[in-house]
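The values are calculated or read from the model by the stated rules, or taken from the named source; none is laboratory data. The structure displayed is predicted, hence computed values, not measured ones. Every residue, glycine among them, receives a Cβ derived from its backbone with ideal geometry; neighbour counts consider all protein chains shown.
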Amino acid sequence: MRLTRVFVDATLSTGAALLLPPAPAQHLTRVLRLQAGAALRVFNGQGGEFDASIESIQRNDATVLIGAHHRIERESPLQVTLLQGIARGEKMDLILQKAAELGVAAVVPLTTARSTVRLDDATALRKQAHWQGVLIGACEQCGRNRIPAVAAASGLAAAVANNRSQLKLLLEPEPAAGTLKTLLATVFSAAEQNLSVCLLVGPEGGLDPQEVLIAKQAGFLPCRLGPRVLRTETAALTALAALQSLAGDLT
């Protein structure tokens, strides 16, 4: 039987008793209705995972006993950073959830000229915390023991200027754009291991011509995903799946 996995932002050590934060404690006891003695896996994003069991439950509190540490990693050999134009509502959550399952290493939400989502400073901070929670939940489900970081929302120009990936891809449906397989081949043979890739995906309305020019000037290569125009949520996840299939660990 597959064990429930719980992320805890705390120092973990074998033999220690840990009082869980309110959110995971309530999920285990109220949603999953686990009882004292139930076995778990606990991880803190610093590598590997721990055996654990619920030691006691008192009202809304749950204490777990930390067991043996297992040096298990399920990270992709590809280091993929996703620069994602902020999508509306649940679309953004979907992109982040599935991106984590597909092995993305980091996410930078982008505010772009055609973005329909506008964030003030306070909303941006709340969104960042919410998106990080989406990534944590996805890692709990899919077995990853390291959590992808989600950066603060950024403008496109700053995000592309600061990126140092070996291969930088701009998803564009233009006929002249290269294919993913061809563009990977330009750098993959020279990369010893842990190839770093940056994937730039526009929002629902796409990127405007000036943003495309800025990205190209920063070294991003136009890349097409077949003959059809894909929605932003489809494009990002299709590209990630293709990258993992061609050069990662999706077999």
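Being under 17 Å from Cys139 (Cα atoms) and not hydrophobic (A, V, I, L, M, F, W, C) is the requirement here; does His27 meet it?
yes
Does Val212 qualify as being modelled with pLDDT of 90 or more, in contact with a helix residue (DSSP H, G or I) (Cβ under 8 Å, 6 or more places away or on another chain) and closer than 12 Å to Leu170 by Cα?
No.
Going residue by residue through segment 161-175, is there one that turns out to be in contact with a strand residue (DSSP E or B) (Cβ under 6 Å, 6 or more places away or on another chain) and among the small types (Gly, Ala, Ser)?
Scanning segment 161-175, I find at least one residue that is in contact with a strand residue (DSSP E or B) (Cβ under 6 Å, 6 or more places away or on another chain) and among the small types (Gly, Ala, Ser), so the answer is yes.
When segment 209-237 is examined, which residues are found to be surrounded by 19 or more Cβ atoms within 10 Å (Cβ to Cβ) and among the polar types (S, T, N, Q)?
Thr232
Specify the residue that is farthest from Gly133 (Cα to Cα); the eligible residues are those in segment 5-57 that are of a type in the set (Ser, Thr, Tyr) and touching a residue at least 40 places away in the same chain (Cβ under 8 Å). Even if it seems obvious, please write down each step before you answer.
Filtering segment 5-57 for residues of a type in the set (Ser, Thr, Tyr) gives 11, 13-14, 29, 53, 56.
Filter again for touching a residue at least 40 places away in the same chain (Cβ under 8 Å), leaving 13-14.
Working: Ser13: 23, Thr14: 26 Å.
Out of the qualifying residues, it is Thr14.
For Ile54, only one of the following conditions fails: (1) buried (at least 17 other Cβ atoms within 10 Å of the Cβ); (2) out of contact with any helix residue (DSSP H, G or I) (no Cβ under 6 Å at 6 or more places or on another chain); (3) among the aliphatic types (A, V, I, L, M); (4) farther than 14 Å from Arg5 by Cβ. What is its number?
(4)
Any chance segment 210-226 includes a residue that's over 21 Å from the mean Cα position of the chain (by Cα), under 17 Å from Val108 (Cα atoms) and of a type in the set (Gly, Ala, Ser)?
Within segment 210-226, one or more residues are over 21 Å from the mean Cα position of the chain (by Cα), under 17 Å from Val108 (Cα atoms) and of a type in the set (Gly, Ala, Ser).
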